[in-house]
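The values are calculated or read from the model by the stated rules, or taken from the named source; none is laboratory data. Since the model is a prediction, treat every value here as computed from it, not as a measurement. Don't worry about glycine lacking a Cβ; one is built from the backbone with ideal geometry, like all the others, and counts go over all protein chains shown.
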């Protein structure tokens, strides 16, 4: 009878250990070979995204008995939206939820949009390329891990000052109007998608940026950005 009791207790202890191991999880995220339909608990069944791993953590972190570790495989982890971690995603019972690289691999969290493919040469002399169908508004463009220059007028030729710049020929502070030469931007009158144009000003030691959102015909082709500063043709 004592022998049977010991066996039952031993089996019960094994069952409890199995439950503990299953609840104290290690999750894996692989941006290349992962799949969000997986359970994420092994290298072979890794998740695809960090967001999926966050959701998996939230399902088991209420009664933690040891740390939960999310292992990020090497490569570029693209974020389609901001990854927000709050109290609900944190450890409980004095234990931690840890996001870390797997082994010595180097994961890179990237919030950029992939624009590779579809580029065509627009100006061979100035080495200008263009791509159509882009709906994302952005200020930074990276090509082969190096910062690239977006289309601009006038073209940048000075890497130190990022110039040259157009020189205003007049300004009306009361009316919030800046008057610029007509010739360099005359072509803007026929530009479609004008709301994607951004005006960059250097009034003094600071920089001011504003997107163009209006071109009232009654004002002879003036441009107005979101802060109501008008850029009139001379």
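For the range 97-115: of the residues being surrounded by 14 or more Cβ atoms within 10 Å (Cβ to Cβ) and at pLDDT 95 or above, which is nearest to residue 138 (Cα to Cα)?
107
When you look at residue 156, is it within 30 Å of residue 116 (Cβ to Cβ), surrounded by 13 or more Cβ atoms within 10 Å (Cβ to Cβ), at pLDDT 75 or above and out of contact with any helix residue (DSSP H, G or I) (no Cβ under 8 Å at 6 or more places or on another chain), yes or no?
Taking the combined requirement at face value, the residue satisfies it.
Condition check: out of contact with any helix residue (DSSP H, G or I) (no Cβ under 6 Å at 6 or more places or on another chain), on the phi > 0 side of the Ramachandran plot, at pLDDT 85 or above and exposed (fewer than 12 other Cβ atoms within 10 Å of the Cβ). Does residue 118 satisfy that?
For residue 118, the condition - out of contact with any helix residue (DSSP H, G or I) (no Cβ under 6 Å at 6 or more places or on another chain), on the phi > 0 side of the Ramachandran plot, at pLDDT 85 or above and exposed (fewer than 12 other Cβ atoms within 10 Å of the Cβ) - is met.
So in the range 66-82, with the set limited to residues that are surrounded by 12 or more Cβ atoms within 10 Å (Cβ to Cβ) and in a loop (DSSP other than H, G, I, E, B), which one is farthest from the chain's Cα centre (by Cα)?
My answer is 66.
For the range 160-195, which residues satisfy the criterion of being within 34 Å of the chain's Cα centre (by Cα), surrounded by 10 or more Cβ atoms within 10 Å (Cβ to Cβ) and modelled with pLDDT of 75 or more?
Selection gives 161, 162, 163, 164, 165, 166.
Just to verify a result, which residue in the range 34-50, among those that are without any contact (Cβ under 8 Å) to a residue 24 or more places away in the chain, assigned to a loop (DSSP other than H, G, I, E, B) and within 24 Å of the chain's Cα centre (by Cα), is surrounded by the fewest Cβ atoms within 10 Å (Cβ to Cβ)?
Within the range 34-50, the match that is surrounded by the fewest Cβ atoms within 10 Å (Cβ to Cβ) is 37.
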